[in-house]
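Below is one structure, written out as structure tokens, with a few remarks after it.
Read-outs: derived from the displayed coordinates by stated rules, not from any lab. Given the structure is predicted, the values throughout are model-derived calculations rather than measurements. In this analysis, Cβ positions are derived from the backbone assuming ideal geometry, glycine residues included, and neighbour counts consider all displayed protein chains.
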Amino acid sequence: MTALNTKANINGPDEFYADLLSVHEGLTKEQSDALNARLILLMANHIGDREVLSQALRAAALKD
Amino acid sequence: MSKIFEVPLYPYQRCADQDQATPVRHKVVVVGAGPVGLALAIDLAMQDVPVVVIDENDKVSWGSRAICFAKRPLEILDRLGCGDPMVDKGVVWNLGKVYFDERQVFGFNLLPEEGHKRPAFINLQQYYMEQYLVDRVRQLQAEGKPIELRGGNKVVEVTQDDERAELTISTPDGPYRVQADFAIACDGAASPIRTMMGLDFVGRVFEDNFLIADVVMEAKFPTERWFWFDPPFNRGQSALLHKQPDNVWRIDFQLGWDIDRAEELKPENIDRRLKAMLGDDISYELEWSSIYTFQCRRMDKFHQGRVIFAGDAAHQVSPFGARGANSGLQDTDNLAWKLKLVIDGKAPVTLLDSYDAERVHGADENILNSSRSTDFITPKSEISRIFRDAVLDLSERYEATRPMVNSGRLSVPCTYDGSPLNGDDCALMPARTRPGSPMVDAPVPGGWLLDRTGFGFQLMTIDENAPEALDVDGIEVKRLALTTPGDADGYLKQRYLGDANSAVYLVRPDQHVAARWDHYDEAAVKAALLKAIGR
Ligand SMILES: Cc1cc2nc3c(=O)[nH]c(=O)nc-3n(C[C@H](O)[C@H](O)[C@H](O)COP(=O)(O)OP(=O)(O)OC[C@H]3O[C@@H](n4cnc5c(N)ncnc54)[C@H](O)[C@@H]3O)c2cc1C
């Protein structure tokens, strides 16, 4: 069984964080919400593994 | 010319029961001559179980209503001798398109699997289906089968004890009473029998209205299912276009909750909507229009002693996914052979509890699927709309999210996992034909596998020896012998053998798998058969 990786895994955390903010620049709240939703769906599809996704959903809900 | 649904098909006629001082006792009385009641009665009569069908009306369904019939119900109708007229008249379709706002997001092909007698779906007006079922009743009557159809008979009271149900029926000549070993309530979503018995019908109400306009027009649109989310001609709502035979097109507009029904149904308002959708220059004739709301709900138990519920009377779903009539036919498929065995004294009356277990499971599956479709089509919260729109926007560019687009998950057959009737399984064999599953069709020498099964229990052997017939406590099990040299395209291997070299399948009268092994073992087959009849 694959487990959700909750250890730091991104090479260049500051750069990624800046990229994340910059795609939202100039967007209205509504446009940002839509972008976030698209981003979640694309990343979820990339992960694919339902077990990992369930763990991510629980972790994001601060349930574990 | 009057429309087919305006012509009385089985007008009221006085019958002998009405002249008796004491109520006449019947084996089975079916209340309701909709698709479900008629299919059940045909199934019983073909097995020589005497059956009387009672309906307050005398015509086929008013307007088209159900239009989309899936492969499994077509296979059931084949067993009942009604599959050919349905498929000959029906429109076969495989392609669909999904639109969002002004753009086509993507198209899909249902890509039907090869090696089946019947297509994945056909579109056919419900009134044609009912007409073919009534034709079949007439044909069975001509053959001397014990089936009667009484129009203009309305059930107004139901009572029961441990041995019988008693119905009071009102007619133009006044009321009369009948008794039955079993009364089967196929009296539709508003089931008066359910109400008379004070039984709950709980579930989820969806606050939405849909306008159906079935129009006759010479249109150049291809035979495809087109679904719009939030189109310019119906802002914030959805719409559907789908073809039926005779140049009839089903057009379905979502309207929302706060609407003026009378206003929406005015022909000039329907005309305005149709022109906004299809262009000002269309010419059409309105065949039928209606506004419907829906609920997803079911009865707690379908088997209530001597009264048993089937079809919409027992469960109701949204039309998205074409699961109403399709699942009702699976109810009757499940119930008829069990009633036959119980009435013949070959199975305990508790076998009927398995109808409850299996079909409640089927209803829950349908309710779950159609509730999910509804939540996608009509998002219930802001965040749910955000995700829905995100799925649609991405789907225009990427394949990734297309499987999430849900404009109705079309009816697929139900597998009775966990059923008390299921027997041994063999791990080497494919999951899709595990115990509880409906058999998967395949070409066999001289025809189709499913045409060679049904009604009785059968032992299907593939490259394995077994007796030609077995008698297990008065129940006959006939062998159906198949071999892989006769399986040129490898369908039997793919669908039934998997990694096994030979197979023995015990098949129920409703073409569901009861148990399976990779070799013949008489004791195991007998035990599985007794389990499958609730003994
Ligand atoms: C707009 C729409 C679209 C649909 N599309 C699809 C689809 O594409 N595919 C699909 O599978 N399903 C579809 N359905 C659902 C389908 O129409 C129903 O599931 C189906 O008609 C149920 O059949 P039934 O025999 O259980 O009930 P009904 O067809 O409602 O028949 C009940 C019968 O009982 C009789 N009756 C009632 N009360 C009494 C009484 N007291 N005494 C005597 N008789 C009585 C009535 O006269 C009627 O003939 C759709 C429904 C709607 C409204």
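Do any GluC sites (Glu not before Pro) in segment B:100-197 lie in a loop, going by DSSP, with at most 11 other beta-carbon atoms within 10 Å of their beta carbon, and if so which?
Loop-located and lightly packed - B:E102, B:E114, B:E143, B:E163.
Out of segment B:305-407, which GluC sites (Glu not before Pro) are coil in DSSP terms and have no more than 16 other C-beta atoms within 10 Å?
B:E399
Find the centroid of the Cα atoms in segment B:188-209 and in segment B:458-514, then give the distance between the two in whole Å.
Using only Cα atoms to place each centre, the spacing works out to 42 Å.
Under 17 Å from the Cα of B:K71, which lysines turn up, not counting those fewer than eight places away in the same chain?
Filter leaves B:K89, B:K117.
Let me check I have the definition right: for the protein assembly as shown, take the eigenvalues of the Cα gyration tensor, multiply each by 5, take square roots. What are those semi-axes in whole Å, largest first? Before the final figure, lay out each step's value.
Values: eigenvalues 369, 231, 105 Å².
They are 43, 34, 23 Å, listed largest first.
Students often forget the sequence filter, so: which aspartates and glutamates lie under 20 Å Cα-Cα from B:K154 once same-chain residues fewer than 8 apart are removed?
Partners found: B:E6, B:D17, B:D19, B:D55, B:E56, B:D58, B:E130, B:E166, B:D173, B:D181, B:D187, B:D312.
Just list whichever of B:K301/B:K531; B:K346/B:K531; B:K493/B:K526; B:K346/B:K478; B:K27/B:K478; B:K59/B:K266 have alpha carbons separated by over 19 Å in the model shown.
Details: B:K301/B:K531 22 Å; B:K346/B:K531 13 Å; B:K493/B:K526 25 Å; B:K346/B:K478 17 Å; B:K27/B:K478 27 Å; B:K59/B:K266 25 Å.
Violating the 19 Å limit, Cα to Cα: B:K301/B:K531; B:K493/B:K526; B:K27/B:K478; B:K59/B:K266.
With each run of n ≥ 4 DSSP H residues scored as -39500 (n - 2.57), what mean residue ellipticity at 222 nm is computed for chain B after dividing by its residue count and rounding to the nearest 500 deg cm²/dmol? Show your work: numbers first, answer last.
Details: 11 runs with 140 residues, N = 535.
So the calculated ellipticity at 222 nm is -8000 deg cm²/dmol.
Shape call for segment B:223-329 from the C-alpha gyration tensor, a ≥ b ≥ c root eigenvalues: rounded (a/c under 1.5), prolate (a/b greater than b/c) or oblate?
Note, shape of segment B:223-329 comes out prolate.
Find how much the distance from B:E399 to B:F221 grows on full extension, using 0.36 nm per residue of separation minus their present alpha carbon separation; answer in nm with one decimal.
Working it through step by step, the gained length comes to 61.6 nm.
Any idea how far the Cα center of segment B:303-382 sits from the one of chain A, in Å?
41 Å
Antiparallel DSSP bridges in segment B:431-532: what percent, to the nearest 5?
Among the beta bridges of segment B:431-532, antiparallel pairing accounts for roughly 75 percent.
Taking segment B:449-513, which GluC sites (Glu not before Pro) meet the DSSP loop condition and have no more than 13 other C-beta atoms within 10 Å?
B:E468
Under 21 Å Cα to Cα from A:K29, which lysines show up? Leave out anything in the same chain fewer than 8 places away.
Correct list for A:K29: B:K380.
For labels at B:H519 and B:R138 in the simple 7 Å Cα→Cβ model, what's the distance in nm?
If labels sit at B:H519 and B:R138, their model points lie 5.6 nm apart.
I want the antiparallel fraction of DSSP beta bridges within chain B, as a percent rounded to 5.
Close to 70 percent.
Could you check what % of the DSSP bridge pairs in segment B:39-159 are antiparallel, to the nearest 5?
75 percent
I need the shape label for segment B:172-270. Rule: rounded when a/c is under 1.5, else prolate if a/b > b/c, else oblate, with a, b, c from the alpha carbon gyration tensor.
Numbers: a/c = 2.46, a/b = 1.86, b/c = 1.33.
Verdict is prolate for segment B:172-270.
Nearest 500 deg cm²/dmol is fine: what mean residue ellipticity at 222 nm does chain A get from its DSSP H runs of n ≥ 4 alone, each adding -39,500 (n - 2.57), divided by its residue count?
Mean residue ellipticity at 222 nm (helix-derived): -21000 deg cm²/dmol.
Apply the a/c threshold of 1.5 to the C-alpha gyration tensor of chain B and tell me whether it is rounded, prolate or oblate.
It is oblate, given that a/c is not under 1.5 and a/b is not larger than b/c.
Students often check this: by mean Cβ neighbours within 10 Å, which of B:402-412, B:286-296 ranks highest, and how do the rest follow?
Ranked from most to least packed, the peptides come out as B:402-412, B:286-296.
Which is the longest stretch in chain A that no exposed loop site breaks, taking sites as trypsin sites (Lys or Arg not before Pro) with a DSSP loop state and at most 12 other Cβ atoms within 10 Å?
After excluding every exposed loop site, the longest remaining stretch is A:8-62.
With 23 Å as the cut-off, how large is the P(r) tail for segment B:431-532, expressed as percent of Cα-Cα pairs?
When all Cα pairs of segment B:431-532 are counted, 16 percent exceed 23 Å.
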